[in-house]
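Before any comments, here is the structure.
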Amino acid sequence: MASHRRRTPTLSSLSMRQWMRIVAIVAAISLLVTGAVVTRSFYVARRSASSSRVTSYSATDTDALNVSRSEDRKPLSGTSDGTSYVTVEINGKSRVVLGTDFTDVKSVLDAGDITLDPDDTVSPSLTTKVTESTVITIDRASADLQTTDESIDYNVVTKQTSALPKGTKKVQTEGSKGVMETTSLVTRSGGKVVSSNVFTSYVKKAPVDKVVLVGTGSTSSSSSSSSSASSSIGTTTPVGTMQQWAHDYMLANGYTEADFTATVYIISHESGWRVNAQNPSGAYGLPQALPGSKMASAGSDWATNYQTQLKWFWSYCASRYGGVQGAYSHWLANKSY
């Protein structure tokens, strides 16, 4: 009689083909589980690393003051560990200086081979400590030619005339100021003028003296007496410190009022009473001595002392024209002396 009971297979009853299939399935499952574990561990490790250190992007991040010195930084600059980055702005243009041992501003400039000229300004100071947030600003000095016009005061000359009753005054010529054009080499740094040196200057427009006639004649007589050289030149009223000194010095040393008037006229037309007036020809100073170094015979301070320059002028006039009035007459005829 046939048995209808269900037979349960046992390990011993499995065939070789069945055993091979089971082994393959178990191996495949093991590989899948192992791969998942390794992938998760790698992702966690990467995520942890990225959140615990600063990346290479922080090298250009102005808020990242403590940039990592790790491997992330090396590909950015190609430098070794410990490299610092300090920004230097020169006349508004920025550059980055790299270094490994910055201590102060000077050390940054040295590392960047940045040389300061005498008139340059730097901020902060050279001894200021630096960090990666420090921005060093340098204003390079620049020089350019600047031309200005300055006025030259006119003088008041009093002349005696017998054509007017005694004590009567009359303005013969109204005075007008002259113009001195000066071109200077002006050096600026950071918007401030650090130096200004006269390059050239000349009397662009000569001043016109105000001439006042003073009568010496008699109210009952219209006859006139011959005028002396002094009265024809006139008497000049000093204007300013230099002229006052010249006036007092000349009268105390045997000169006349006419000599002083002649002096004022020549100096006003030659230099406008500027001690450092000069032009490319080499003429210099109040009397426009050519070259200016000629005046060294009157004193070593000839370049800056108006008294030394005037003393040389009077001596020169005496030796060449017999006196200041002789130089004055020559100037009227030739526009030079």
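Values as computed for the structure displayed
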item	result
The one condition in (1) touching a helix residue (DSSP H, G or I) at 6+ places or on another chain (Cβ under 8 Å); (2) hydroxyl-bearing (S, T, Y); (3) farther than 29 Å from F199 by Cβ that S319 fails to fulfil	(1)
Among residues of the stretch 299-337, those that are touching a Cys at 6+ places or on another chain (Cβ under 8 Å) and either assigned to a helix (DSSP H, G or I) or among the hydrophobic types (A, V, I, L, M, F, W, C) (or both), counted	3
Contacts under 7 angstrom Cβ, first residue in the stretch 303-330 being aliphatic (A, V, I, L, M), partner crowded, with 21+ Cβ neighbours inside 10 Å and at pLDDT below 95, 6 or more apart	A327/Y337
Among residues of the stretch 144-163, those that are surrounded by 16 or more Cβ atoms within 10 Å (Cβ to Cβ) and not charged (D, E, K, R), counted	9
Enumeration of residues in the stretch 250-296 that are free of Cβ contacts under 8 Å to residues at least 12 places away in the same chain and within 13 Å of Y306 (Cα to Cα)	A296
Identity of the residue in the stretch 233-288, part of a helix (DSSP H, G or I) and among the hydroxyl-bearing types (S, T, Y), that ends up farthest from Q172 (Cα to Cα)	Y249
Qualifying residue in the stretch 244-259 (condition: of a type outside the set (A, V, I, L, M, F, W, C), touching a Pro at 6+ places or on another chain (Cβ under 7 Å) and at pLDDT 95 or above)	yes
Qualifying residue in the stretch 265-274 (condition: under 27 Å from S176 (Cα atoms) and of a type in the set (A, V, I, L, M))	yes
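The values are calculated or read from the model by the stated rules, or taken from the named source; none is laboratory data. A quick note: this is a predicted structure, and the numbers were derived from the prediction, not measured. In this analysis, Cβ positions are derived from the backbone assuming ideal geometry, glycine residues included, and neighbour counts consider all displayed protein chains.
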